[in-house]
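The values are calculated or read from the model by the stated rules, or taken from the named source; none is laboratory data. These numbers come from a predicted model, not from an experiment. Reconstructed Cβ throughout: ideal geometry from the backbone, glycine too, with neighbour counts over all protein chains shown. To get the accessible areas, we keep the full protein, side chains included, count just its heavy atoms, and leave off ligands, DNA and RNA. Shrake-Rupley method; radii C 1.70, N 1.55, O 1.52, S 1.80 Å.
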Amino acid sequence: MEYNPSDIEKKWRQWWQDNHTYQVSNDSSKPKFYILDMFPYPSGAGLHVGHPLGYIASDILARYKRLRGFNVLHPMGYDSFGLPAEQYAIQTGIHPAVSTEQNLDRYREQLDNIGFSFDWSREVRTSDASYYKWTQWIFQQLFQHYYDKEVDKALPIADLVARFAKEGNNRVKAVCDEDTPEFSAEQWNALSEKEQQMLLLKYRLTFPEESYVNWCPAMGTVLSNDEVKDGVWERGGYPVERKLMKQWSMRITAYADRLLEGLDEIDWSDSIKEQQRNWIGRSQGASVRFGIDGHADKNIEVFTTRVDTIFGATFMVLAPEHELVDLLTTDAQRQEVEGYVKWAASRSDIERMSETKKVSGAFTGAFAINPLNEARIPIYIADYVLAGYGTGAVMAVPSGDQRDWSFATHFKLPIIPILDAQQNIAEAADPTKEGHYINSGLINGMRYEQATLSLTRWLEERRLGKGKIQYKLRNAVFSRQRYWGEPVPVYWKDETPYLVAEKDLPVELPVVDKYLPTETGEPPLGRAENWRYTPPGESASYEYELSTMPGWAGSSWYFYRYMDPHNEHAFCSKESMHYWKSVDVYCGGSEHAVGHLLYSRFWNHFLFDIGLAVEKEYAKKLINQGMIQGRSNFVFRAKEQFFEEYLWIKVLQPFFATEGPLKVAEANHTEGYTYDFAFETNDLVIEVTSWKQYDKIERVRQTAESDGKRLLVLFNEELGGCINSLEQTVGKIKAALNSREGFFITDEPPVCEQLFVSYDLTGKYSPECFTKLHVDVNVVDGDVLDLNRALALPMFDKASFKLPPDGKFSCSWEVEKMSKSKYNVVNPDDMVSQYGADCFRMYEMFLGPIEVGKPWDTKGITGVSSFLRRFWGMFFNASGQLDLSNEAPTKDELRALHTCIKKVTEDIERYSMNTCVSHFMILGNELKGQKLQKRVVLEPAVIMMAPFAPHTAEELWHQLGNAGSVCDAAWPELNEAYLKTDTINYPVQINGKLRGNVEVAAGTSNADVEAMVMVQDFVHKNLDGQTVKKFIVVPGRIVNIVV
RNA sequence: GCCCGGGUGGUGGAAUGGUAGACACGAGGGACUUAAAAUCCCUUGGCCAUAACGGCCGUGCAGGUUCGAGUCCUGUUCCGGGCACCA
């Protein structure tokens, strides 16, 4: 029977659907297993072959776990709010919901094509009101809670209000804004409703605050750092400035320590954990207040992790945005400082951090007073200090910090050594903590630990500073000035935010006329007409919050919705939550390391605190799939210069070198007017040009006439048209040479307008001869352009091709991101229709380990394809009948099968899918050559193949006479006894170099092995009389003789 | 710049500190065929050598630890990812 993947796959996909094979119940006696793929954003470009990599791996794992007897939850859904749909809406006016819906359909179709075991009845979409109702609900819970440091968890804000009324806030230990004032119960109770609400915002886990953003006034919107280059919007070129803006924020800093500790209990890659640790950036140090000369009422607070270096502080640097800059700047310095502030405002954080070699800054004219030694040190502003980090001010210690050192050197500021162990500080900073302090007042002679302790105590006693733990982590900005996101369920009354009543959720996205900001610079929701909220029991209506939530809102809790996707009364029922608990294996890209993966952990800790999640960490195990990159192909289009070089190198030079006696001058080498080519012994000149340049041709003709030269015009197009037949051009020149006529030009219109040169031929010409162009990889096979298919593309309209002798037009290639604009996108649908979904799935796995990124290259897929055919062929005889033997297997067959069982089982468990495919191939290679295969060997193989090639396995499973789905078969049991061999082959090394092999019976003692090895000829030969110092036998492994 | 990850044949890759290159692709040779495709068989890291046996080198680069290093340590270089409003 012919292996016909498209028929088989269609048939079984339908059967699975009809039989609800992948529907998962929350009610099962089996142990649960929850395997989740990261939420995809359904982009308009559809899936490319890189996307399914993780889904295939997780699908294999899900199917495997099911075969091992688990009740497996393996859902899929969409993070369907997002910027691209909104951009598209701005351009076209099409509502993002409409274009998103289309994209989703396309995604679904493509996913279905690959045969995933997703339970689609549980699909969720963040942009569905029934979903974002619960995103809004969770937001409200955050608003209604604060973080209590005493019990180390979130508590209701109502508790806090009760405490304030009873005892004020000075005994409350809660995470709050830095500028929260102390107040007593009397003071609290005397406050107005509005004043109380304002104070509570300083405690709430989500709250509006001012934060810096990249504001683009021309577009009335905020941009991400990566959209800003050199102070302008990368695409539109409009100027961008850093601006303080009122935005909703999430008090993630409250959870900094718990997010850090939680990392120890989850099995995620070290790299991701390290990135998260870094992002949180916990550092222990001290905050120190510096006085300001002439401003007795003000001071500058700095945070330092090296308070021990304080005597080496020779200047202070503020971020250009620092609130005191304006006040401190002296009139003499004002112009310079303001200019610098303006310039710095145009730079993104990334630019500011990365260009550390270029020192820039400005002196404010003011001086700070070092509290330790009363030293008067100048205050600068510089953009290497970021406003959002710490206090936006640093004490600069040039002898110990390289950036400070560079700054000091540039501005000729003093560099004072502070430790006797510092070396070469004239050359560079030395951040050592070794040695004894010098030039350091009260800590002179001390070592690091003691100095730090003494200084911290000294500062605390005088209330000038204190030991402090600082986090790099900032509260997460939660507002977006966009349309296509969840509305924030808040209304504003008397400039105070209040929650929309729970019964009025969801706050649905209103209709707007355009997806742009309003004329007054408000977010798009400001365009909605009559969009106001009337709270229950009130008659007045109020304005809704106009910003929307960011992409990470909906994706921070979606894993719970899959457990109970249609619940209208809760985001997830208690029963479902207690059955599924958390994600067992989470699969997705490492690019989400700190965005999604940190924020979702934060929300989960919060949900855990308020009793809605049952595990502190929602994902126990994380697998990072690598990015599949594109492999772009390029073709080379000839420019005018090519034709001149071609004529010289290929036509004139070789021809006249042999044919003489005429000599030809190389292009542009003639005297006077620069004809392209002129002959020394003939009055003919040659002009190479495009036939479109009538003016030029006419000019050259007139010049030639007055010079008494005869002119041959060769069009680029004409040369291109006969590029592969040299003789034609040679003949034309020959004829012109021998003729008496004065002007030669073809009067046939050219059929060819552009010439492409095969990549292997381009080396002979200068690089300026060509324009390198992306060519669609789908018309290229093995870097050889398929000319028939290529000619159908618009880019090859009226093109001809310069071919090498073998007639294969070659392209160059590069690895780039897979993207439409680079014409290197490979659609999984094409792979599936050509090779079948099973082959595609196996090939994606076969490419290499899932974690490693690599360029997509189709050329190896034939190996997998022929393996599947061979495997299929083992079941059937020549006339297509199932034909298997029922005989008992041989020892060799059993060993091959059980080796495969062992390897595949181990490798799936460690997510090494590529080697699994190899093991199937090895089993296939071992069994092939036999006329008749044995059922007892092949049936377990079918089950093992089922996770990888589900359609093929399902067909074979039924062919073998089984009625149910192969998905519900039992994974084959390994019997170690079949793996044992009678003899062991010991490689023998002498001083670590392999010299031969010795075969001994299994179970031979080390002493006997030694005896057997020492009588071998090759051992004697290589020992060459040297004495054996040591004889090492690693049982079952290797022998090493040390001489 | 900072943080993280990675460099193994022509290519994708394999290898609990124990025979480097499994399994494939590609390439070369052969069988079948009128021919092509498909299929099957053999060879295939480099260099040297041969009638044959064989020898030397080799996991980005430079050191180190070890009986033994692709694997562990130190330094270095190149490439990829992240850096807070792309998702």
**Asked** Within the bounds of region A:97-110, is there any residue that is open to solvent by less than 50 Å² (accessible area, probe 1.4 Å), assigned to a helix (DSSP H, G or I) and among the charged types (D, E, K, R)?
**Response** no
For region A:479-506 the number of residues that are under 24 Å from residue A:215 (Cα atoms) and of a type in the set (Gly, Ala, Ser) is 2
When restricted to A:760, A:830, A:747, the only residue surrounded by fewer than 17 Cβ atoms within 10 Å (Cβ to Cβ) and part of a loop (DSSP other than H, G, I, E, B) is A:747
Here the qualifying pairs (Cβ atoms under 7 Å; residues six or more apart or on different chains; first in region A:676-704 and in the same structural domain as residue A:640 (by TED's automatic domain parsing); second aromatic (Phe, Trp, Tyr) and open to solvent by 20 Å² or more (accessible area, probe 1.4 Å)) come out as A:701/A:743; A:703/A:673
Reported set for region A:635-652 where residues are hydrophobic (A, V, I, L, M, F, W, C) and in a strand (DSSP E or B) is A:635, A:636, A:638
Picking from A:418, A:438, the residue that is open to solvent by less than 70 Å² (accessible area, probe 1.4 Å), under 24 Å from residue A:379 (Cβ atoms) and touching a residue at least 12 places away in the same chain (Cβ under 8 Å) would be A:418
Inside region A:969-992, the number of residues satisfying the requirement of being exposed (fewer than 14 other Cβ atoms within 10 Å of the Cβ), under 44 Å from the mean Cα position of the chain (by Cα) and not in a helix (DSSP H, G or I) is 4
Within region A:500-522, restricting to residues that are crowded, with 20+ Cβ neighbours inside 10 Å and at pLDDT 90 or above, the one that is farthest from residue A:194 (Cα to Cα) is A:515
Okay, helices (runs of 4 or more DSSP H) sitting entirely in region A:271-354 with 3 or more residues that are of a type in the set (A, V, I, L, M), away from RNA strand B (no atom under 16 Å from the Cβ) and surrounded by 21 or more Cβ atoms within 10 Å (Cβ to Cβ), I get none
**Residue in region A:983-996 that is closer than 28 Å to residue A:891 by Cβ and away from RNA strand B (no atom under 11 Å from the Cβ) present** = yes
Checked pairs for region A:550-563, first over 14 Å from residue A:605 (Cα atoms), second within 15 Å of RNA strand B (Cβ to nearest atom) and basic (Lys, Arg), C-beta under 9 Å and 6 or more apart or across chains, list as A:550/A:480; A:550/A:482; A:551/A:480; A:554/A:125
Requiring at least 3 residues that are closer than 20 Å to residue A:76 by Cα and either more than 16 Å from RNA strand B (Cβ to nearest atom) or open to solvent by 10 Å² or more (accessible area, probe 1.4 Å) (or both), the helices (runs of 4 or more DSSP H) wholly within region A:542-589 are A:574-580
message = Would you confirm, using the coordinates I've provided, whether residue A:194 is charged (D, E, K, R) and part of a strand (DSSP E or B)?
response = no
Here the qualifying pairs (Cβ atoms under 7 Å; residues six or more apart or on different chains; first in region A:859-875 and near RNA strand B (Cβ under 8 Å from one of its atoms); second part of a loop (DSSP other than H, G, I, E, B)) come out as A:859/A:782; A:869/A:3; A:870/A:928
Those residues of region A:118-165 which are among the aliphatic types (A, V, I, L, M), out of contact with any strand residue (DSSP E or B) (no Cβ under 8 Å at 6 or more places or on another chain) and not in a helix (DSSP H, G or I) amount to A:151
Residue hits (region A:66-81; part of a strand (DSSP E or B) and more than 30 Å from residue A:485 (Cα to Cα)) are A:71, A:72
Checked region A:38-59 for anything buried (at least 24 other Cβ atoms within 10 Å of the Cβ), of a type in the set (A, V, I, L, M) and over 13 Å from residue A:589 (Cβ atoms); matches are A:56
- prompt: Mind checking whether some residue in region A:526-533 is within 16 Å of RNA strand B (Cβ to nearest atom), surrounded by fewer than 22 Cβ atoms within 10 Å (Cβ to Cβ) and without any contact (Cβ under 8 Å) to a residue 60 or more places away in the chain?
  reply: yes
Counting only helices (runs of 4 or more DSSP H) entirely within region A:850-968, those with at least 2 residues that are within 30 Å of residue A:814 (Cα to Cα), open to solvent by 10 Å² or more (accessible area, probe 1.4 Å) and not aliphatic (A, V, I, L, M) are A:861-873, A:913-927
Exactly one of A:810, A:766, A:821, A:800 is surrounded by fewer than 16 Cβ atoms within 10 Å (Cβ to Cβ), hydroxyl-bearing (Ser, Thr, Tyr) and touching a helix residue (DSSP H, G or I) at 6+ places or on another chain (Cβ under 8 Å), and that one is A:766
Practice item. Test residue A:408 against the criterion of being of a type in the set (Gly, Ala, Ser), away from RNA strand B (no atom under 16 Å from the Cβ) and either modelled with pLDDT of 75 or more or outside any loop (DSSP other than H, G, I, E, B) (or both), and give yes or no. Key: yes
Checklist line | Some residue of region A:199-209 being open to solvent by 60 Å² or more (accessible area, probe 1.4 Å), in a strand (DSSP E or B), closer than 24 Å to residue A:488 by Cα and modelled with pLDDT under 95 | finding: no
Any chance region A:612-634 includes a residue that's among the aromatic types (Phe, Trp, Tyr), part of a strand (DSSP E or B) and in contact with a Lys or Arg (Cβ under 9 Å, 6 or more places away or on another chain)? yes
Q. What do you reckon, is residue A:259 surrounded by 16 or more Cβ atoms within 10 Å (Cβ to Cβ), under 16 Å from residue A:592 (Cβ atoms), within 12 Å of RNA strand B (Cβ to nearest atom) and not assigned by TED's automatic domain parsing to the domain that holds residue A:602?
A. yes
Residue A:225 passes all but one of the listed conditions (1) within 11 Å of RNA strand B (Cβ to nearest atom); (2) free of Cβ contacts under 8 Å to residues at least 24 places away in the same chain; (3) open to solvent by less than 80 Å² (accessible area, probe 1.4 Å); the exception is number (2)
